[in-house]
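Below you'll find the structure, written out as structure tokens, and then a few comments.
The values are calculated or read from the model by the stated rules, or taken from the named source; none is laboratory data. All values reported here derive from a predicted model rather than from experimental measurement. Positions of Cβ are generated from backbone atoms using ideal geometry, with glycine treated the same way; all protein chains shown enter the neighbour counts. The area values use the complete protein model at the heavy-atom level, side chains included, leaving out ligands, DNA and RNA. Shrake-Rupley method; radii C 1.70, N 1.55, O 1.52, S 1.80 Å.
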Amino acid sequence: MAEVCETGGPPGVSAGGEVSGAAAGAEVCGGYRERPSGVAGAVVWTRTTSAAPVRPVLPDGCTDLIWSEGRLLVAGPDTGPHHPDGVPPGTRYTGVRFAPGQGPAVFGVPARELRDRRVPLADLWPAGRVREAAEWAAAAGTPDAVARVLERTAAARLREAGPPDARTAAVAAALGSGRPVAEVARAVALGERQLHRLSLDAFGYGPKTLARVLRLVRALDLARSGVPWAEVAARAGYADQAHLAREVKSLAGAPMGVLLASG
């Protein structure tokens with residue numbers, strides 16, 4: 001779940017899941033802030049809506065655990081822009097965004113079951129555990145304190161889930177670097193159909209869609225850093241600038257210039 005104005009993705013995935021102290025390097029855009037999480041591979045973010053139209057959330061291959069208005073919610077991996085409706089100004093959100101493939105271990109369901117959905121955490125976890133986490137979050141007070149509650153809660157779930165499947169991180173890294181699907185399948189010793197099933201469960205969609213989403217993330221990061229669009233297309237792995245424009249419009253719902261202007 002990526003804000004239009006967001007300038008960085010999750011840090012690299014590593015084993016563990018322990019919560020450490022707050023990391024430096026928060027990004028700021030309007031009412032949105034983020035920082036690397038103490039949960040390996042994740043990002044903590046906060047957002048307060050304003051009177052301006054709420055920016056759409058762009059696909060990034062991630063899932064999120066969110067606290068807002070006294071509720072714990074889960075945002076699944078998106079395949080297109082998500083437009084929050086009916087959100088009044090001043091609404092606060094605090095979330096932990098998990099790296100592609102990390103969400104199923106936290107939420108206990110295959111990512112495909114959450115694709116393009118926002119659901120209450122209570123639909124996925126035992127009621128007692130959700131109630132306890134919600135009480136801690138409600139008592140936390142500040143967004144930073146709420147974030148620490150979410151991080152501790154997620155870290156506990158990751159420890160219970162045990163070591164992650166190394167193939168998941170390898171697939172995300174390989175597709176994120178632009179390697180072809182057939183080559184990625186061979187690298188992780190899977191047939192292409194097996195890779196497709198693994199991808200649906202881990203990421204919420206097949207490897208070709210994941211590759212498109214991660215390529216979009218690369219392209220937007222490059223464009224926001226000031227790289228000319230023709231060079232963005234080449235460096236991100238598009239055939240040409242026209243291909244870049246079509247893919248951005250298809251996945252993000254708006255031309256590149258509109259997305260950059262909104263951030």
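A few remarks follow.
- Every condition in (1) in a helix (DSSP H, G or I); (2) surrounded by fewer than 22 Cβ atoms within 10 Å (Cβ to Cβ); (3) touching a residue at least 12 places away in the same chain (Cβ under 8 Å) is met by Leu244 except one, and the failing one is (2).
- Options Ala182, Ala223: the member that is without any contact (Cβ under 8 Å) to a residue 12 or more places away in the chain and either in a helix (DSSP H, G or I) or in contact with a Leu (Cβ under 7 Å, 6 or more places away or on another chain) (or both): Ala182
- Among (1) closer than 23 Å to Ala211 by Cα; (2) assigned to a helix (DSSP H, G or I); (3) open to solvent by 20 Å² or more (accessible area, probe 1.4 Å) - the single one Val109 does not satisfy: (2)
- Those strands (runs of 3 or more DSSP E) lying entirely in segment 1-92 with at least 2 residues within 30 Å of Gly257 (Cβ to Cβ) and modelled with pLDDT under 75: 27-29
- Conditions (1) closer than 30 Å to Val232 by Cβ; (2) open to solvent by 80 Å² or more (accessible area, probe 1.4 Å); number of the one not met by Leu195: (2)
- The condition (being surrounded by fewer than 15 Cβ atoms within 10 Å (Cβ to Cβ), among the charged types (D, E, K, R) and closer than 19 Å to Gly103 by Cβ) is satisfied by just one residue among Glu135, Glu160, Glu183: Glu160.
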